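Below is one structure; the comments refer to it alone.
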Amino acid sequence: MDGLQDSLARHRGHVLLIVNVASRCGLTVQYAGLEALYRDRRMAGLEVLGFPANDFRGQEPGSDEEIAAFCSLTYDVTFPLFGKISVKGDAIHPLYRALTEAVPQAVGAEALRERLASHGLAGRDGAEVLWNFEKFLVARDGRVMGRFSPDIAADDPRLLAALDRALAEPAS
């Protein structure tokens with residue numbers, strides 16, 4: 001988000017929780033839980049990586065600078081945030097194309113998918129990211145180990161159990 005280039009290779013050997021984020025979403029409060037999780041498990045090897053996206057009803061309209069300021073001032077976010085990208089559709093970023101191809105369905109997404117469909121907001125592709133704050137868990141060796149529905153919070157037992165399994169695996 002600071003305009004410098006980064007690479008996932010720099011995060012090799014860490015467990016990654018990759019999340020598409022937005023500042024004007026009903027799930028934006030998840031920044032607090034993600035930050036708490038990051039602070040709690042960072043020394044064990046967890047990196048939370050936030051990727052702002054404006055793909056869902058314009059809920060991330062700000063510039064990278066505005067997003068960074070909002071996250072810092074409102075939620076004291078210290079985990080890495082990246083420049084805004086697209087996480088679905090024709091303009092999908094290659095990272096998200098790879099993540100959604102690796103794990104096409106999110107744990108716990110059925111109820112949210114039905115709720116969104118009832119409002120005419122269902123995606124055209126069942127493997128597409130469903131909404132803001134969908135989470136992908138990547139092992140130290142780069143394997144995509146899991147995908148979690150946007151409404152699964154950072155303290156959800158399903159996510160924590162998967163994180164603990166990933167953190168227990170040795171770095172290669």
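What follows is calculated from the coordinates using simple rules that are stated; it is not laboratory data. Since the model is a prediction, treat every value here as computed from it, not as a measurement.
From the list (1) 59, 32, 26; (2) 44, 33, 28; (3) 63, 39, 39, can you say which value of Cα extents along the principal axes in Å was derived from the structure given? Of the labelled values, this structure produces (2). Over region 1-133, Cα pairs under 8 Å with separation of 6+ residues give a relative contact order of 28 percent.
If you wrap the tightest convex hull around every Cα atom of region 42-89 and split its volume per residue, you get 85 Å³.
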